[in-house]
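This report concerns only the one structure given below.
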Amino acid sequence: MSSINKQPSQEERDLIIARLEVLSPELHFASGGNFQDFSRKDMIKQIKDNTKVGREFVATEFEFLRAIGDGSLMKVLNTSD
């Protein structure tokens, strides 16, 4: 998934929902542009309802997973100032 405007597939949404479901129910997420706070349950609903916030979250999660997979996250984390 390369864009927040792209409609994520059901498989992509299911994968991210599965990742969320193993996290603590007390965990909250902030949406970048509007600073709205979402509980884990609320974010899962946003993803299931395929809202803009849900699509943005799925896109961001896939960017994170790609960064882990291609090693770019570790390169950034290991960079010292």
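Each value in this text was obtained by applying a stated rule to the coordinates, not by laboratory testing. Everything numeric in this text was worked out from a predicted model, so none of it was measured. Backbone-built Cβ (ideal geometry, glycine too); neighbour counts: all protein chains shown.
For a footprinting-style exposure proxy, rank T79, T51 by other Cβ within 10 Å, fewest first.
T79, T51
Using the Cβ-Cβ distance between K48 and L73 with R0 = 35 Å, the FRET efficiency computed as 1/(1 + (r/R0)^6) comes to roughly 0.80.
In the range 10-73 the Cα-Cα distances spread across 5 Å bins starting at 0 as 4, 18, 28, 26, 17, 7, 1 percent of all pairs. For the chain, the number of Lys pairs with C-alpha atoms closer than 22 Å, counting only pairs eight or more positions apart or on separate chains, is 4.
Which chymotrypsin sites (Phe, Trp or Tyr not before Pro) does the range 10-81 hold that lie in a coil by DSSP with at most 14 other beta carbons within 10 Å?
In loop regions of the range 10-81 (DSSP not H, G, I, E or B), the sparsely surrounded chymotrypsin sites (Phe, Trp or Tyr not before Pro) are F35.
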